[in-house]
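Below: one structure, written as structure tokens.
Each reported figure results from applying straightforward, stated rules to the coordinates on display, with no laboratory input. If you're wondering where the values come from, they're calculated on a predicted model, not measured in any experiment. Positions of Cβ are generated from backbone atoms using ideal geometry, with glycine treated the same way; all protein chains shown enter the neighbour counts.
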Amino acid sequence: MRDMNAIPRFSVAVLGLVGVGGALGAAASPSILAGVEPGLWEISRSGAATQKICFADPAELAQFEHRGTKCTREVVRESGSTAVVNYTCPDGGFGHTTMTVITPRSLRIETQGIADSAPFKYKIQARLAGNCPAH
């Protein structure tokens, strides 16, 4: 005799796995950035000229070296106003970033990893300078 309950259980298990798999390639955003706004950010880095860059999502600052690339981010740890994010990119690049929210308009970012087959490591200060210019 066939167990009629086996089919629904199997279906529920498969649907559960599909639901989990759908979330796997998403770029994670640290909760410490909840009050941080998108916009035109002024980026200061020792030994480099100050840059102004628009970020639609402040979480993209976690992968500053690979900005504009669709990388997969994972929030590894959050404590107080600090988050640690690991990310990997389709071109083989990756990074490990510690972000600290000083104020909702000011962040300190320490990042290291591999980009263009070479290592990188640096600290930046990011300050929200205003809205992105309209195109």
* Computed over the Cα atoms of the range 52-93, what is the ratio Rg over Rh, Rh following Kirkwood? -> 0.98
* **Overall Cα dimensions of the range 78-135 - principal axes, largest extent first, Å** => 37, 34, 18
* Asked: Using 14 Å as the cut-off for backbone N distance, which residues of the range 98-123 belong to the label zone defined by a point 7 Å from the Cα of residue 31 along Cα→Cβ?
  -> none
* Structure fact -> For the residue 52, residue 81 Cβ pair and Förster radius 22 Å, calculated FRET efficiency rounded to 0.05 is 0.40
* Asked: How much of the DSSP beta bridge set in the range 75-119 is antiparallel, as a percent to the nearest 5?
  -> 100
* Under 5 Å between amide H atoms, partner at least 5 residues away or on a different chain: which partners does residue 129 have, H built in plane at 1.01 Å? -> 40, 41, 42
* Asked: Between residue 106 and residue 45, how many nm apart are label points set 7 Å from Cα along the C-beta direction?
  -> 2.1
* To do: Quick one: what are the phi-derived ³J(HN,Hα) couplings along the range 53-65, Karplus 6.51/-1.76/1.60 with θ = phi - 60°, whole Hz, x for glycine and proline?
  => 9, 7, 10, 6, 9, x, 5, 5, 5, 5, 10, 4, 5
* **Backbone HN-Hα couplings from phi across the range 90-103 [Karplus 6.51/-1.76/1.60, Hz, Gly and Pro as x]** => x, 7, x, x, 7, x, 10, 10, 10, 10, 10, 8, 7, 9
